[in-house]
Each structure stands twice: as C-alpha cells, then as structure tokens.
Amino acid sequence: MKKVLIAVIGGAAASFASLAQAADLPSYKGGPSYYDNPPAFTWTGFYVGGNAALGFGGFSRPGATYFGSSPFGGAFGLTLGYNYQSGNLLVGAEGDYAWSHIADENNSVAAGFAGTGVINNIDTIRARVGYVYNRAVFYGTGGYAGADVRGALNASAPPAGFDQIRYVNGFTLGAGIEYAITPHITAKAEYLYASFGSAGYFGAPYATKTSADLNLLRGGVNYKF
C-alpha cells in the first residue's frame with residue numbers, strides 16, 4: 001500500500017510540474033502574443049540591388065540627321081539607397097548606375113556614310129517620396145540624370161574624330177511601386193523619363209549638335225539591411 005501511495009504522489013507531482021511548465025508558455029487563448037503580432041515591417045534602412053530596363057527615346061535635330069531619331073535598347077545596373085518611414089509616409093534617396101545600349105542609326109547620311117547614336121552608361125541620383133500600404137509603397141521620384149552619348153559616322157575610311165563620346169547632364173522624373181517579399185527582399189517596377197542636355201560632335205563639314213530624351217521601363221530587386 002505504501003508503494004502504491006508513493007507512486008500516486010509521484011505521478012501527481014509530475015503532472016503538476018508539467019502543468020506549471022505549460023502555464024509559462026505563450027497562450028493563444030489569453031489574448032495577443034508575439035505569435036499573433038510579430039514585429040511590424042518597416043522600410044527604414046539602407047538597401048542595395050540590381051535592375052534591368054527597356055529604353056526608348058529620341059535624338060533632337062540637327063543631330064538626329066546623323067544618329068537616327070528613335071533610339072531603342074536595353075540596360076542593366078546597380079542600385080544603392082536609403083529609406084525612412086514615418087507612419088504611411090516614406091522619404092528616401094536613391095542612386096543607380098546602368099550599362100546600356102540604346103541606339104539608332106541613319107544609313108543615308110551622305111554618300112558612303114552611315115550614322116549611329118548610342119546612349120550608354122546612365123546614372124541617376126534621385127529623391128523618393130511615397131505612400132506605404134501594408135508591404136507595398138507607391139512612390140514618385142526625381143533628380144539628376146547623366147549619360148554617355150556616342151555619335152559615330154561610319155564609312156570604309158571615316159575621317160579621324162568622327163566617333164566621339166560626350167557626357168551629358170540632365171534630369172529625371174518617374175514613379176513606381178515596390179513590394180516587400182520578405183523582411184529583407186523587395187521587388188519594384190518603375191517608369192523613368194530622362195532629358196539630357198545637348199553636346200557637339202564631329203568637325204566640318206559634318207559638325208552637329210544633339211540632345212536626347214529617354215524613357216526607361218524597368219524592374220529591380222533590392223536587399224534591405
């Protein structure tokens with residue numbers, strides 16, 4: 001009988017200990033817990049990423065006579081930025097650099113000549129202002145834009161100096177949407193319009209000037225720290 005009593009008391013003590021330990025665990029019945037309300041996602045912080053774009057635009061006259069008037073092509077590049085979120089408001093700064101080949105040509109410049117214009121190596125430094133809704137942000141952006149614009153007159157024996165690259169300055173405006181897939185990975189789609197200043201090319205008798213306008217439809221993936 002004594003052994004039975006000891007066994008019953010030991011079993012009761014073990015059961016009580018198990019119940020006490022379970023009472024220390026988070027409860028779903030007693031109200032909100034960490035598991036019901038995980039930490040809220042925030043856009044605040046630095047981020048880096050990559051992007052790819054489809055580009056199209058135009059060269060102004062008189063340079064379009066040599067370069068063609070409707071450059072088209074692709075670009076890919078790197079992005080670095082910082083966001084600060086306060087409530088539903090997001091403000092930030094972003095810079096990017098893209099390698100591109102957005103080009104057109106004119107095969108009837110003059111007897112024996114064909115002309116080519118190419119927009120290369122685009123970079124921007126922009127402000128971003130957006131509205132945050134859950135894990136998405138809808139934003140507008142604008143700032144500085146620059147690019148290398150190449151002009152060439154091609155022939156079997158072209159004169160010296162008829163293949164030149166000029167760095168041009170301008171501005172860019174655009175809008176987009178970005179979505180946080182995970183706390184660290186975001187994806188975005190955006191449109192940018194860029195307008196670049198004019199530059200001079202070549203020598204007599206083909207000396208000319210041109211400016212360029214560019215539209216970029218691009219997507220990107222960022223890593224947020």
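Just so it is clear, none of the values below were taken in a lab; they were calculated from the coordinates. All values reported here derive from a predicted model rather than from experimental measurement. Reconstructed Cβ throughout: ideal geometry from the backbone, glycine too, with neighbour counts over all protein chains shown.
Of the residues 210, 44, the one with the fewest other Cβ atoms within 10 Å heads the list, and the complete ranking is 44, 210.
In which sequence would 221, 137 go, from the one with the fewest C-beta neighbours within 10 Å to the one with the most?
Numbers: 221 14, 137 25.
Ascending number of Cβ neighbours within 10 Å: 221, 137.
In terms of the Cα gyration tensor, with a ≥ b ≥ c the square roots of its eigenvalues, is the stretch 171-225 rounded because a/c is under 1.5, prolate because a/b exceeds b/c, or oblate? Prolate, since a/c reaches 1.5 and a/b exceeds b/c.
With a Förster radius of 25 Å applied to the beta-carbon distance between residue 131 and residue 78, the computed FRET efficiency rounds to 0.45. Remark on residue 197: its backbone amide H falls under 5 Å from those of 169, 170, a criterion applied only to residues 5 or more positions apart or on other chains, H modelled at 1.01 Å from N.
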